[in-house]
Amino acid sequence: MMKILFLVLFATASIPAAHAAATLCEGGEQVLFSCPVAKTTKIVSVCGSKVLTATSGYLQYRFGRVGAVEMTFPATKVHTQAQFGWNTNYHRDVTDSWLSFTNAKYAYGVFSIEDHDVSGDPDGNAKSGHRYGVTVDPPDERHGYSLDCAAPAIGRFEALSEVVPEGHVGVE
């Protein structure tokens, strides 16, 4: 029995930290979106005050590592909701939700994309799935890029539809 307990504890301890439910949100904040970024040790998080409405509380995007946040937007926790935009698109088989903002002329879009297509490809393989991450578009004509999550995002992302003004901010 002791050997089995040791093996279970050892196997659990060896799970890569990048796939653990880490967040850049602080104690006392709610996690609205958080995930490890694929192929990196970075985390993308959207954090909010415990009480968050369209007119009270605060909302912040954070990027980096636990204990070493590289980017926080907005920098202050005052009137933050109006600095973001929210958009949900419903397509035939796909629903995508976006939290967008602009920082230093770069356009960011935190996303959750759910593919409901269960019909599958020509070989009969179902295509349904979920994708999470953040897109970054530079201010010039260069192509932007996407940082996909290595694991499903945690948090109450869809709750932002009631908090953030509808429409895109800086993301086309």
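The values are calculated or read from the model by the stated rules, or taken from the named source; none is laboratory data. Fair warning: this is a prediction, and the values are worked out from it, not measured in the lab. Neighbour counts are summed over all protein chains in view; Cβ atoms, including those assigned to glycine, are modelled from backbone coordinates with ideal geometry.
Looking across Ala104, Ala153, Ala159, Ala82, one residue alone is touching a Cys at 6+ places or on another chain (Cβ under 8 Å), at pLDDT 90 or above and of a type in the set (Gly, Ala, Ser). It is Ala153. In the set (1) among the hydroxyl-bearing types (Ser, Thr, Tyr); (2) loosely packed, with under 15 Cβ neighbours inside 10 Å; (3) in contact with a helix residue (DSSP H, G or I) (Cβ under 8 Å, 6 or more places away or on another chain), the condition left unmet by Ser112 is number (2).
Given the structure, is Thr53 in a loop (DSSP other than H, G, I, E, B), modelled with pLDDT of 95 or more and farther than 20 Å from Glu166 by Cα? Answer is no for this residue. Of all residues assigned to region 119-137, at least one qualifies as being at pLDDT 90 or above, under 18 Å from Val31 (Cα atoms) and touching a Pro at 6+ places or on another chain (Cβ under 7 Å).
Mind listing just one residue for me: the one in region 61-115 that is acidic (Asp, Glu) and touching a Gly at 6+ places or on another chain (Cβ under 9 Å) and, of those, nearest to Arg156 (Cα to Cα)? Result: Glu114. Here region 67-98 is the region considered, the condition is being among the acidic types (Asp, Glu) and not in a loop (DSSP other than H, G, I, E, B), and the residue that is surrounded by the most Cβ atoms within 10 Å (Cβ to Cβ) is Asp96.
Look at region 80-103: where a residue is under 21 Å from Val136 (Cβ atoms), no partner that is part of a loop (DSSP other than H, G, I, E, B) and of a type in the set (Asp, Glu) sits 6+ places away or on another chain with Cβ atoms under 8 Å.
When Gly64 is tested against (1) within 15 Å of Gly109 (Cα to Cα); (2) of a type in the set (Gly, Ala, Ser); (3) surrounded by fewer than 19 Cβ atoms within 10 Å (Cβ to Cβ), exactly one condition is not met: (1). Checked against (1) at pLDDT below 90; (2) out of contact with any strand residue (DSSP E or B) (no Cβ under 7 Å at 6 or more places or on another chain); (3) closer than 17 Å to Val46 by Cα, Val169 passes all but condition (2). Within region 46-60, the residues that satisfy the criterion of being surrounded by 17 or more Cβ atoms within 10 Å (Cβ to Cβ) and either over 18 Å from Ser100 (Cβ atoms) or without any contact (Cβ under 8 Å) to a residue 60 or more places away in the chain (or both) are Cys47, Gly57, Tyr58, Gln60.
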